[in-house]
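Structure first, then comments.
The values are calculated or read from the model by the stated rules, or taken from the named source; none is laboratory data. All values reported here derive from a predicted model rather than from experimental measurement. Heads up, the Cβs are rebuilt from the backbone with ideal geometry, glycines too, and the neighbour counts pull from every protein chain shown.
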Amino acid sequence: MHRRSLIKALGTGMLAVPVLSSAANSGKAGSTPFQSIDPARWSGFNAGELNHLLQTHGKTSKSYNPNKRPYAVFDWDNTCIMNDCEEALLVYQIDRLAYKLNPQEFAEVLRTGVPNGPFKVEAGYKNTEGKPVLFEDIAADVEADYRWIYANFKDFAGSMTLEQIQGTEQFKDFRAKMYFMYDAICDSHPIEVGYKWILYFYKNMSVAELQTLAEASNDFNLGDALRKVKMPSSDKLTGKAGQVIASHFFGLRIHSEMVNLMNTLRADGFDVYVSTASIDDVVRVFAGNTKYGYNIPPENVIGLRLDMQDGKYTNSYRKDWHFNWGPGKTVGIQNELVAKKGYGPALVLGDSDGDAWMLKDFSDTQLGVVVNRLKTGEIGERSKSAAATIGQPGTRFILQGRNESTGIFIPDEKTLKYGKTEVKLLA
């Protein structure tokens, strides 16, 4: 199907959902028949384990209690979709200069929550001369670029079109150094610092304005090629930090198997939630807009949150809200779901260290699905557990492979990394 036809089909629930013809299909007297997932590109073993969960905990099982509905929790970025919608939005916002910040506000936001000093040289964060890059130096360069852009861009205080601005050395420098900063902050400091930092650039936007921007970014990136691109900053306006080179993985893809799984879970009497380390208002656009097909109610998305003032975002993280990453995702599920329901999720799905704790922390969880990105760390431990029990019914964790050059699942536990030619099971 063409992309537009596929998205329309997803949004209208037209994906085929096969019905088991076994005795389990009958369920309780008068009940809706059990629905199995479309096997699509799931590994055969994984499809069987998921269908077993649906059959034994869904509404056709003898133990099903409609007043105690089982539920599933999905990570979003790189689990429900290929790549990261908030990182895609960061570049989309940079490329279109979609800010509501004057130069003074931008300078403040730019420095919110990030300590001065060098980024990790051992992680590759140095300039093209091999010298360390200091946060205070690159921040000064980006601020100078933004002040020039603000004075000249017609949507701010100048007369130049976006296309004209994009052709300048100032914009080239701004674009590369902004994204370099994001990666460098995330890899040089606790991940919380970088994940919050990119949210602060939404300051002065309303929820509606941010969600309009997020939808435009989603649509653009769904149509863009999956490609890793190097972005050098200006070699003419090197500034205090010198010339740097950033890299970004462009493009987004819908994982149709996850769309089908969510819709099948609901058909079988489960509730479906999303737990994300992106701001929840951005993920709600992708998860909830019917044209994408996931059909998640906005209140079922747990993510990061900013303080609001007069209906606009501020550059302050919400004081009474946890950081929804890693152990924080467990906190979010406990506070927002377990505290109200009295029990944990039956199914949890994730792809990275940000999900590794929620995959294992709940005694009620029957199955944890790891989208295989060939990662080490905490998620690598979940992956090893899954790899050791492939083919063993009732396993606690399963691995699902995908082709990162196409953004689609492959019917195997192994994954084909972007730019590689050989599938692998573990990192």
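Scan PRO190, PRO132 and give me the residue that is touching a Pro at 6+ places or on another chain (Cβ under 7 Å) and without any contact (Cβ under 8 Å) to a residue 24 or more places away in the chain.
Details: PRO190 fails: touching a Pro at 6+ places or on another chain (Cβ under 7 Å).
From the options PRO190, PRO132, the qualifying one is PRO132.
Looking only at segment 232-278, how many residues end up being of a type in the set (Gly, Ala, Ser) and surrounded by fewer than 17 Cβ atoms within 10 Å (Cβ to Cβ)? I'd like the intermediate steps shown before the answer.
So in segment 232-278, the residues of a type in the set (Gly, Ala, Ser) come out as 233-234, 239, 241-242, 246-247, 251, 256, 267, 269, 275, 277-278.
Next cut, surrounded by fewer than 17 Cβ atoms within 10 Å (Cβ to Cβ) only: 247.
So the answer is 1.
Results for (1) at pLDDT 95 or above; (2) touching a Pro at 6+ places or on another chain (Cβ under 7 Å); (3) of a type outside the set (Asp, Glu), shown as yes or no for each residue.
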residue	(1), (2), (3)
MET14	no, no, yes
VAL19	no, yes, yes
GLY30	no, no, yes
PRO33	no, no, yes
ASN51	yes, no, yes
TRP76	yes, no, yes
PHE106	yes, no, yes
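Report, by residue number, each residue of segment 200-219 that is in contact with a Phe, Trp or Tyr (Cβ under 9 Å, 6 or more places away or on another chain), more than 16 Å from ARG175 (Cβ to Cβ) and not aliphatic (A, V, I, L, M). Steps first, please.
Initial filter on segment 200-219 (in contact with a Phe, Trp or Tyr (Cβ under 9 Å, 6 or more places away or on another chain)): 200-207, 209-210, 213-218.
Remaining after also requiring more than 16 Å from ARG175 (Cβ to Cβ): 200, 202-207, 209-210, 213-216, 218.
Residues satisfying the conditions are TYR200, TYR202, LYS203, ASN204, SER206, GLU209, GLU215, ASN218.
Can you name the helices (runs of 4 or more DSSP H) wholly within segment 63-161 that have at least 3 residues being out of contact with any His (no Cβ under 6 Å at 6 or more places or on another chain) and acidic (Asp, Glu)?
Working: elements: 85-96, 103-110, 135-152.
Hits in segment 63-161: 85-96, 135-152.
Can we say SER352 is small (Gly, Ala, Ser) and either under 30 Å from PHE250 (Cβ atoms) or under 21 Å from the mean Cα position of the chain (by Cα) (or both)?
Details: small (Gly, Ala, Ser): yes; either under 30 Å from PHE250 (Cβ atoms) or under 21 Å from the mean Cα position of the chain (by Cα) (or both): yes.
The answer is yes for SER352.
Condition test on THR395, is it out of contact with any Lys or Arg (no Cβ under 6 Å at 6 or more places or on another chain), β-branched (Val, Ile, Thr) and more than 17 Å from SER275 (Cβ to Cβ)? Break it down stepwise before answering.
Working: out of contact with any Lys or Arg (no Cβ under 6 Å at 6 or more places or on another chain): yes; β-branched (Val, Ile, Thr): yes; more than 17 Å from SER275 (Cβ to Cβ): yes.
Judged against the criteria, THR395 is a match.
Out of the residues in segment 33-77 that are charged (D, E, K, R) and within 18 Å of GLY350 (Cα to Cα), which is surrounded by the fewest Cβ atoms within 10 Å (Cβ to Cβ)? Write out each step before concluding.
Our first condition is that a residue be charged (D, E, K, R); within segment 33-77, this holds for 38, 41, 49, 59, 62, 68-69, 75, 77.
Within this subset, residues satisfying the condition of being within 18 Å of GLY350 (Cα to Cα) are 41, 49, 75, 77.
Details: ARG41: 18, GLU49: 21, ASP75: 24, ASP77: 22.
Only one residue fits best here, namely ARG41.
For segment 265-279, indicate whether the set of residues that are within 20 Å of ASN46 (Cβ to Cβ), in contact (Cβ under 8 Å) with a residue 60 or more places away in the chain, in a helix (DSSP H, G or I) and aliphatic (A, V, I, L, M) is non-empty.
yes
Here are the criteria: (1) among the hydroxyl-bearing types (Ser, Thr, Tyr); (2) in contact (Cβ under 8 Å) with a residue 40 or more places away in the chain; (3) touching a helix residue (DSSP H, G or I) at 6+ places or on another chain (Cβ under 7 Å). Tell me which single one THR330 does not satisfy.
Only one criterion in (1) among the hydroxyl-bearing types (Ser, Thr, Tyr); (2) in contact (Cβ under 8 Å) with a residue 40 or more places away in the chain; (3) touching a helix residue (DSSP H, G or I) at 6+ places or on another chain (Cβ under 7 Å) is unmet by THR330, namely (2).
Yes/no per residue for (1) farther than 30 Å from THR276 by Cα; (2) under 28 Å from the mean Cα position of the chain (by Cα):
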| residue | (1), (2) |
| --- | --- |
| LYS126 | yes, yes |
| GLU129 | yes, no |
| ASP141 | yes, no |
| TRP148 | yes, no |
| LYS154 | yes, no |
| ALA157 | yes, no |
| ASP173 | yes, yes |
| ALA176 | no, yes |
| MET181 | no, yes |
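Please verify whether segment 379-397 includes one or more residues that are crowded, with 16+ Cβ neighbours inside 10 Å, touching a helix residue (DSSP H, G or I) at 6+ places or on another chain (Cβ under 6 Å) and of a type in the set (S, T, N, Q).
No: segment 379-397 contains no residue that is crowded, with 16+ Cβ neighbours inside 10 Å, touching a helix residue (DSSP H, G or I) at 6+ places or on another chain (Cβ under 6 Å) and of a type in the set (S, T, N, Q).
Checking ASP271 against (1) farther than 19 Å from LEU89 by Cα; (2) out of contact with any Leu (no Cβ under 9 Å at 6 or more places or on another chain): exactly one of these is not met. Which one?
(2)
Here's the yes/no breakdown for (1) β-branched (Val, Ile, Thr); (2) at pLDDT 95 or above; (3) over 16 Å from ASP271 (Cα atoms):
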position	(1), (2), (3)
LYS59	no, yes, no
TYR64	no, yes, no
PRO70	no, yes, no
VAL73	yes, yes, no
THR79	yes, yes, yes
ASP84	no, yes, yes
ALA88	no, yes, yes
VAL91	yes, yes, yes
ASP95	no, yes, yes
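Condition first: of a type in the set (Gly, Ala, Ser) and within 26 Å of the chain's Cα centre (by Cα). Can you find one or more residues in segment 110-119 that meet it? So that I can check it myself, show each step before the final result.
At the first step, the residues of segment 110-119 found to be of a type in the set (Gly, Ala, Ser) are 113, 117.
Next, only the ones that are within 26 Å of the chain's Cα centre (by Cα) stay: 113.
Yes, because at least one residue in segment 110-119 is of a type in the set (Gly, Ala, Ser) and within 26 Å of the chain's Cα centre (by Cα).
Regarding SER234, is this residue more than 30 Å from GLN309 (Cα to Cα) and either among the small types (Gly, Ala, Ser) or touching a residue at least 60 places away in the same chain (Cβ under 8 Å) (or both)? Quick ask: steps written out before the conclusion?
Working: more than 30 Å from GLN309 (Cα to Cα): yes; either among the small types (Gly, Ala, Ser) or touching a residue at least 60 places away in the same chain (Cβ under 8 Å) (or both): yes.
Spelling it out, SER234 is indeed more than 30 Å from GLN309 (Cα to Cα) and either among the small types (Gly, Ala, Ser) or touching a residue at least 60 places away in the same chain (Cβ under 8 Å) (or both).
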